[in-house]
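Accompanying notes for the structure given below.
The values are calculated or read from the model by the stated rules, or taken from the named source; none is laboratory data. Quick caveat: nothing in here was measured; it's all calculated off a predicted structure. In this analysis, Cβ positions are derived from the backbone assuming ideal geometry, glycine residues included, and neighbour counts consider all displayed protein chains. SASA here: full protein model, heavy atoms, side chains in, ligands and nucleic acids out. Shrake-Rupley method; radii C 1.70, N 1.55, O 1.52, S 1.80 Å.
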Amino acid sequence: MKNKIFLYLFIFSALVGLYLFVSSGKMAETKDLAIEKLEAQLVQLQDSVQKSQLEVLDMQYFSLENNDDALAYYDHLALKDPSRYIADKLLETNESKGDNPLIPYEGMESDFKINKIKLLNHKWIVADFSDGKYWGELLVKYELKDDMGVDFTLMDHLLYTRSN
């Protein structure tokens, strides 16, 4: 009787051992597949981040903030952020009653005002304007004087037509 109990215990422990061996192998395979999948996702994310960084660098190419040669024109002035100063001066032209004086169109829905500004370098600005329904863009030449005044000259403009 004692021999049969030991035989049954041996068979039971062998079956438990076999079950643990097989299940641990499958668990390891599942973990390996999960790791491979996560590594592939990581490579995709790294590629995506690198692509985004290149796109940001491309967008910043024509920008006063990233143009050391253009910023050198303002070294003699005590300006901490020339881009912000010039953009603020351009936005001040919106404060006049009626349409912005730099915009050569009359507002159709309301007054045309400058919305968005991009300083390209130490001489040129691209600006977006709108009256709420119609919009357009301006190419503006500017000059920052030693007395901190800014002269704006309209170089070119366009008004988008609605296609409804």
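Within region 39-81, if we keep just the residues that are open to solvent by less than 100 Å² (accessible area, probe 1.4 Å) and not in a helix (DSSP H, G or I), the residue that is farthest from Val150 (Cα to Cα) turns out to be Gln60.
Take the conditions (1) assigned to a loop (DSSP other than H, G, I, E, B); (2) within 28 Å of Asn66 (Cβ to Cβ); (3) open to solvent by 60 Å² or more (accessible area, probe 1.4 Å); (4) of a type in the set (S, T, N, Q); Thr161 misses just one of them, which is (2). The condition of being open to solvent by 100 Å² or more (accessible area, probe 1.4 Å), more than 22 Å from the chain's Cα centre (by Cα) and modelled with pLDDT of 85 or more holds for only one of Glu36, Glu92, that being Glu36. Restricting the first member to region 148-160 and to residues that are over 21 Å from Tyr105 (Cβ atoms) and touching a residue at least 40 places away in the same chain (Cβ under 8 Å), and the second to residues that are part of a strand (DSSP E or B) and open to solvent by less than 70 Å² (accessible area, probe 1.4 Å), the beta-carbon pairs closer than 9 Å and six or more apart or on different chains are Val150/Tyr142; Val150/Leu144. Just one of the numbered conditions (1) open to solvent by less than 90 Å² (accessible area, probe 1.4 Å); (2) in a helix (DSSP H, G or I) is not true of Arg84: (1).
Of these, Asp99, Asp131, which one is of a type in the set (D, E, K, R), over 30 Å from Asp69 (Cβ atoms) and open to solvent by less than 30 Å² (accessible area, probe 1.4 Å)? Answer to the check: Asp131.
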